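A short worksheet on the structure shown next.
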Amino acid sequence: MTPDATLARLREYMVGPSRFMSLLSAFELGLVDTLRAHPGSSAAQLGEAAGARPDAVEQLLFLLVKEGFVAHDEEAGTYTLDALGDVPVADLDRALAYMNLIKVTALRQLFYLTESARTGTVVGLKELYGAEGTLYDAVADHQDLNDSWLKLMNNVTANIDPWFFANIDIPAGSRVLDVAGNTGLGAIHTYRHKASEGLTVTTFDLPSKESEALANFRAAGLEDHLSFIGGNVFDEIPRATTSSWSSTSWTCSTGRTWSGSCRVSTRHSSPAAR
């Protein structure tokens, strides 16, 4: 690579964060939704709907026009969706869940990446939240982190589980332990996809998630088949790197010994388990 090519590559890194946030902000301000509902809107109309200045709207949409996501009629001064208009809303929502997680849990903390590398700790969590330890611990204590993580994981779970359960065998009457199962969506899907006489599924995750998990079980009408055990996957369950089913025995933080099938739930687990 020549020096000029290297400098050109560096410029791509320099503009990366601003490009990312320009795109995400257009969604967060509702500009894309407004254009979907009202194609041919002007910057002034978009700004009024978003509660933003028209010149700020023009600046944000400049990148989206350049990339072909949005079309701009310069003569009329109006905007319409271009490539973004061809993407199903459900697919965009999944992409936005990832982008929001990157913003909430990554971009803010990356400001302290150099210090984190020097200390071997997650400095951003301490500076921003006063939190020691890992993101897994911080998610349990801070609602904005939890909301961002939970939305993405539930999105991933709902998208992957139909394929997952079509390719896995769970013998009738199994006792399934869903490790790092968050608030129980994976347990609900397990029972619905693989229901059999005697099948029970237990979610294992931080104790703070128990009340929401049990409420989800009741809302699904599956409280007689699903349960929850509180604990920390780092302290009580051996770390695993792949999703697996095995006959094993676990000792949980409650002191109970669990004998049966265990799923290492890397599809929709809490952050530390991924």
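Filtering the stretch 35-48 to residues that are touching a residue at least 12 places away in the same chain (Cβ under 8 Å) and surrounded by 18 or more Cβ atoms within 10 Å (Cβ to Cβ) leaves L35, S41, A43, L46.
Considering V89, V57, V32, V65, the condition of being of a type in the set (A, V, I, L, M, F, W, C), at pLDDT 95 or above and under 23 Å from L152 (Cα atoms) is satisfied by V32 alone. Restricting the stretch 196-216 to residues that are of a type in the set (A, V, I, L, M, F, W, C) and either in a helix (DSSP H, G or I) or over 15 Å from F234 (Cβ atoms) (or both), the residue that is farthest from the chain's Cα centre (by Cα) is L199. Criterion first (farther than 30 Å from Y112 by Cβ and surrounded by 20 or more Cβ atoms within 10 Å (Cβ to Cβ)) does T183 satisfy it? No: the conditions fail for T183.
Within the stretch 1-24, residues that are without any contact (Cβ under 8 Å) to a residue 24 or more places away in the chain have Cβ atoms under 8 Å from residues that are among the charged types (D, E, K, R) in these pairs: M1/R9, counting only partners at least 6 apart in sequence or on another chain.
Quick one: is T34 over 25 Å from S148 (Cα atoms) and hydroxyl-bearing (S, T, Y)? For T34, the condition - over 25 Å from S148 (Cα atoms) and hydroxyl-bearing (S, T, Y) - is not met.
The values are calculated or read from the model by the stated rules, or taken from the named source; none is laboratory data. Just so it is clear, the model here is predicted, and its values are computed rather than measured. Cβ atoms come from the backbone with ideal geometry, glycine included; neighbour counts cover every protein chain shown.
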